[in-house]
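Quick notes on the structure that follows.
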Amino acid sequence: MKLNYRKEIDFLRALAVTFVIIFHFYPSFLPNGYLGVDMFFVISGFLISYQIFISVKDRKFSLKEFYIRRLKRILPASIFVLVAVFIISKVLLINNDFLKFYQSLIYSLFFSSNFFFWFDGGYFGPNDELKPLLHYWSLAIEEQFYLIFPLAFLFFLKFFKKNRNLISLILIIICISLFLNITLIYLGGAIPAFFLMPTRIWNLCFGVLAMLLFINNNKTHSEFEIIFYVSLIFLSLFIEVEFIPKNLLIVFSCFMILKKKFPKKFILKNIIENKLIAYIGLISFSLYLWHWPLLVFLKYYFVEDLTHSLKIFLIFTVFFLSTFTYHFVEKNFRFKFNTKSFTVFISITYLFFITYGLILENKKNIKYKPYSAEFISSASLTNYRCDLSDNIIYNGLRACYINKIENKDYEFALLGNSHAQMYVPSFIPKLRSHNKEGILLPMNWCLPTLTINLDENCMKLAKDYYKNYINDKKIKKIIIATSWWHETLFDGKKYIDDVYHYKLTNSLLDLIAEIRKNGKEVYLIGPIQVPLYELPQELSRLIKFKHINEDELKQRLKVDRSKFDKNYNNVIQILEKKLGSNFIELSELQCDEKFCYYGDEKGVYFADGSHLSKYGINKFQNKLQLIFE
């Protein structure tokens, strides 16, 4: 059987990389453009399974040759870009950011960066846009797929003699993976669902399924089908169907296009087989590799939003570098370098990066000069996150142990969103001294309140948690902590204004009253003044690149006390009157008569725009521990 070249695949690749680039450069214009990555997954599933299937049928398949071809296809361009990004990062990045970058580089070298970025925060957060190698997560997924798929597929081809049975098996795998994806998102695990192969393999398997149908049926698309499915790809970037994953529609559209041949003549032929579009498809891998780190570096330096002219200049630069990389790196290593030369080159590169990484280990835990860029940056993303090993399923919802003790039940619960989670380190010392265990009930970004919340889904989630913890007889004490600054809330029917937070306060008091009726002790942690911009990340770069001086930096580490009083003074008085000593008022430790502070000469209080840093949590630890006295 002959391995036929399909021009429409280059068209799909061109669309995919264009969607991703537009999303990264102009996210408000194409907010779902990142779904182009899902298109790449479907294409990869189709091509890899197609190559293996044809080679096996022709009795020419070699597992060794397959892996060598894959490595020659992926590694040279990937490493070439990694080296360039490493050099720029060494010059440009603040030391703490460089150390974090280098960790991601090592993970990227071993195609496991999807795990790194899962643990490191995610993909869509404001700090994620400053990670130069964030886009390598998708390469990790593909390489993990390439590692296990050939072995599994060879076994399936031997075991299932009929393609019909093989198609059924692939459908089962798709359904299982899709179910895992939806379930994990429902449980609050949207980040691992985004990054992990078991919840992503359905994308690739749709490509495998398209290949099997393409081989089995040998059918040709009609004019209508081509126009419809190409149009559906574009529509899937703008429409969402309730109760199904956002990427299902675009994956399905690619699957439908790939499962049949294209006719020799059709209406969209001049577009789909256009030479410029096809060329963009050919260099799409290099475009994908280059566009993100270069965009990150410009954002990193300028701090503020990039101008339109800068972005246009950068796009031309990306195309120039991608063209060079495709012709002089990708093609040379694939077709001109023999396996021995390739192996030597790769080995030397890996040895260099590993050795350099070992040297870097000795440069950690350095004390920095107060108010230097490194000093400010050292607080970045140091807020507490629950260890993976402590995560549990709590009656179908996500929870996390605090100070886990074998053969001992938790007695208290910390309830709220990530602004409850950040207080965990304050409680651990007292729990340890009393040999007690707690449980964290995190509601993602939602409020714990029942009568108002941020949206309808949050209201449902808060009520689901409430049904569980209110009936949990092991819980004797509940601590509620949440974000306070929301000025618009959902009351179950419509969105309402809550500029001075009276409605949130009343809803919290209603919740506390209900909990007390069930015999549980309740504490509420009050508001603190938060910056609401990525403080350590932005200020550290502003001072490094001399956009501000040290005096200006110190001014930005405080805010007029009247701002906090205007927002919260009245509700604090209400809560102190209603709750007495069960209301934990923290602002008195953050503010004096004139100012509320975001840091001092010993450290910065915030890890990002609203979460307390490792140093910041110490500021409030003694007062929070009074709960357990």
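Numbers at a glance
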item	result
Only one of Phe337, Phe316 that is open to solvent by 20 Å² or more (accessible area, probe 1.4 Å) and either touching a strand residue (DSSP E or B) at 6+ places or on another chain (Cβ under 9 Å) or not in a helix (DSSP H, G or I) (or both)	Phe337
Residues (open to solvent by 30 Å² or more (accessible area, probe 1.4 Å) and assigned to a helix (DSSP H, G or I)) located in the range 593-626	Lys614, Tyr615, Asn618, Lys619, Gln621, Asn622, Lys623, Leu626
Complete set of residues in the range 178-202 that are closer than 16 Å to Phe115 by Cα, small (Gly, Ala, Ser) and not in a helix (DSSP H, G or I)	Gly189
Scan of the range 123-167 for residues that are in contact with a Gly (Cβ under 8 Å, 6 or more places away or on another chain) and surrounded by fewer than 17 Cβ atoms within 10 Å (Cβ to Cβ), ordered by number	Pro126, Asp128
Extreme residue, least open to solvent (accessible area, probe 1.4 Å), among residues of the range 341-382 that are among the small types (Gly, Ala, Ser) and under 26 Å from Ser78 (Cβ atoms)	Gly357
Top-ranked residue in the range 235-262 [being over 29 Å from the mean Cα position of the chain (by Cα) and in a loop (DSSP other than H, G, I, E, B); ranked as surrounded by the most Cβ atoms within 10 Å (Cβ to Cβ)]	Lys259
Lys265 vs. criteria basic (Lys, Arg), over 26 Å from Phe53 (Cα atoms) and within 24 Å of the chain's Cα centre (by Cα)	no
Filter result (modelled with pLDDT of 95 or more, closer than 20 Å to Leu295 by Cβ and part of a loop (DSSP other than H, G, I, E, B)) within the range 95-135	Lys131, Pro132, Leu133, Leu134, His135
Residues of the range 368-396 satisfying the condition of being aliphatic (A, V, I, L, M) and outside any strand (DSSP E or B)	Ala373, Ile376, Ala379, Leu381, Leu388
Leading residue by the ranking (nearest to Trp485 (Cα to Cα)) among those in the range 397-431 that are open to solvent by less than 40 Å² (accessible area, probe 1.4 Å) and in a loop (DSSP other than H, G, I, E, B)	Asn417
The range 5-33, residues that are open to solvent by 30 Å² or more (accessible area, probe 1.4 Å) and in contact with a helix residue (DSSP H, G or I) (Cβ under 9 Å, 6 or more places away or on another chain)	Lys7, Arg13, Thr18, Ile22, Tyr26, Pro27, Phe29, Pro31
One residue from Ile21, Ile9 being within 17 Å of Leu213 (Cα to Cα), of a type in the set (Val, Ile, Thr) and part of a helix (DSSP H, G or I)	Ile9
Residue tally, condition in contact with a strand residue (DSSP E or B) (Cβ under 8 Å, 6 or more places away or on another chain) and either open to solvent by less than 50 Å² (accessible area, probe 1.4 Å) or in a helix (DSSP H, G or I) (or both), over the range 203-221	2
Enumeration of residues in the range 222-234 that are open to solvent by 20 Å² or more (accessible area, probe 1.4 Å) and under 28 Å from the mean Cα position of the chain (by Cα)	Leu232, Phe234
Matching option when the condition is hydrophobic (A, V, I, L, M, F, W, C), assigned to a strand (DSSP E or B) and at pLDDT 95 or above, among Leu441, Leu450	Leu441
Some residue of the range 60-67 being part of a loop (DSSP other than H, G, I, E, B), open to solvent by 50 Å² or more (accessible area, probe 1.4 Å) and at pLDDT below 95	yes
Matching option when the condition is charged (D, E, K, R) and under 27 Å from Lys619 (Cα atoms), among Glu456, Glu437	Glu437
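The values are calculated or read from the model by the stated rules, or taken from the named source; none is laboratory data. Nothing here was measured: the structure is a model prediction, and the numbers come from that model. Cβ atoms come from the backbone with ideal geometry, glycine included; neighbour counts cover every protein chain shown. These accessible areas exclude ligands, DNA and RNA; they are computed on the full protein's heavy atoms, side chains included. Shrake-Rupley method; radii C 1.70, N 1.55, O 1.52, S 1.80 Å.
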